1. Does residue 141 qualify as being under 24 Å from residue 280 (Cβ atoms), at pLDDT 85 or above, surrounded by fewer than 20 Cβ atoms within 10 Å (Cβ to Cβ) and in contact with a helix residue (DSSP H, G or I) (Cβ under 9 Å, 6 or more places away or on another chain)?
2. Just give me the residues in the range 319-332 being surrounded by 16 or more Cβ atoms within 10 Å (Cβ to Cβ) and out of contact with any helix residue (DSSP H, G or I) (no Cβ under 8 Å at 6 or more places or on another chain), in sequence order.
3. Of the residues that make up the range 77-95, is at least one under 38 Å from the mean Cα position of the chain (by Cα), modelled with pLDDT of 90 or more and not in a loop (DSSP other than H, G, I, E, B)?
4. Only residues that are part of a loop (DSSP other than H, G, I, E, B), surrounded by 13 or more Cβ atoms within 10 Å (Cβ to Cβ) and touching a strand residue (DSSP E or B) at 6+ places or on another chain (Cβ under 8 Å): list them for the range 109-133, please.
5. Name the residue that is modelled with the highest pLDDT, counting only residues in the range 224-275 that are surrounded by fewer than 20 Cβ atoms within 10 Å (Cβ to Cβ), part of a loop (DSSP other than H, G, I, E, B) and touching a helix residue (DSSP H, G or I) at 6+ places or on another chain (Cβ under 6 Å).
6. Pick from the range 410-445 the residues that are in contact with a strand residue (DSSP E or B) (Cβ under 6 Å, 6 or more places away or on another chain) and part of a helix (DSSP H, G or I): which of them is farthest from residue 456 (Cα to Cα)?
7. Collect the residues in the range 427-441 that are touching a helix residue (DSSP H, G or I) at 6+ places or on another chain (Cβ under 6 Å), farther than 25 Å from residue 387 by Cβ and either modelled with pLDDT of 90 or more or surrounded by fewer than 18 Cβ atoms within 10 Å (Cβ to Cβ) (or both), keeping them in residue-number order.
8. What's the number of the condition residue 158 fails, among (1) surrounded by 18 or more Cβ atoms within 10 Å (Cβ to Cβ); (2) closer than 26 Å to residue 111 by Cβ; (3) modelled with pLDDT of 85 or more; (4) in contact with a helix residue (DSSP H, G or I) (Cβ under 8 Å, 6 or more places away or on another chain)?
């Protein structure tokens, strides 16, 4: 039998082959790993951008929902003193949470080096308002406040606010909010020369847009005092008949008995005084008003000796002036009636008065129309006095507008606010009441388009009454206008907005480094009305 020898094959994978295989696998793994890393970076960057954009949108929506003074208050006093919650709705957080999360909210301004630095609030100013650099002044931690605009210098009409350590979902950011209302921002004031474009700083108020929580308004209708006038002429006729009977009795040759005077005719020569009063009770601010009609001095043309208001026993001095007995029939004074009361967590901001002028009021020294605002409680607010015009059939002529005169008096008590010597230099003193009115502007039928020419209608007075010493001092004319920060109203439509607004979201910590460009993530642009 033949033997076959069997050979065993001991060959396998060589070391070189192993090295090559491992190298190929490593390269593939590295490529795949880098792909994962790159994908993760892209996703994280995308998420960072989306969350930063969402944060910017939240801030921009808050800006659009508030007027500028309120917005300024919220950045300088970010916590509601009544509830402890943040004024910013998208934060939805309380005091302790803000402290724990180190959320920073405040206002900045540029110094002479161009650096953004914190502003000085009233509580850091040594109780001197002139030292406040913030755009809002509050003496009670934000409960009440007044806007403190920047009118001069490098920061004129420019405002900066910051929010730091804002967390949205998984990311934290710093935000810089900028407003620019200066000339180089594109803002233009509407003038007679540029009627088509431009912004009216103070437009005539629109009743439909008023906020009943923060705005008090009194609308004096065209015939609001009609019933009072009828009562006056009725009382006059009763007294006139009594005097006629006393003089003529049964005399057959006596002249005709006096007739009832025309309420409309008497009204044309009747003095009207409207007094509006602010008061505070138990932390609630109330506004009430009363009106007084003074018809003494009217004489019916061609009338008898009894067809006149001069038979009134008080001689036009009111009920306290009655010397002959009887009652004062030439003066009517209403009781105070309420027109507004603040609700919980609300603040009165604006007081509006709409009234129709009596164009028979033409005396500069003793005008028939008078408006008095009693604000001796020194409450900060804007006082709008709106002279109304009838429809097309009753528009005043330019002659009537030029001849019309009225008296406007604002009463405060500066001494109780720490300003006993306010009148030593009234040009540097700011009243708590800010006057906005279309008085001193021609609203006649000849001025439906174009400019509203300035005229001289107001006998204006700022009166300071010291409640403790029962003394008073006053300034008038241009000095009173300066104290009250007088500014005119215009019924022309505004053509653009006053501020450009920009919300920039930066990486966390950018605020400490003066918001460098390399930390910027996203910017949203918008506009904001004052």
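1. yes
2. Within the range 319-332, just 322 meets the criteria.
3. Within the range 77-95 (the criterion being under 38 Å from the mean Cα position of the chain (by Cα), modelled with pLDDT of 90 or more and not in a loop (DSSP other than H, G, I, E, B)), the answer is no, since none of the residues qualifies.
4. 119, 133 - these are the residues of the range 109-133 that are part of a loop (DSSP other than H, G, I, E, B), surrounded by 13 or more Cβ atoms within 10 Å (Cβ to Cβ) and touching a strand residue (DSSP E or B) at 6+ places or on another chain (Cβ under 8 Å).
5. Applying the filter and picking the extreme gives 260.
6. For the range 410-445, the residue satisfying everything is 415.
7. 427
8. Result: residue 158 fails condition (4) only.
The values are calculated or read from the model by the stated rules, or taken from the named source; none is laboratory data. Being a predicted model, the structure only gives us computed values, none of them experimental. Ideal geometry is used to build each Cβ from the backbone, glycine not excepted, and the neighbour counts take in all protein chains shown.
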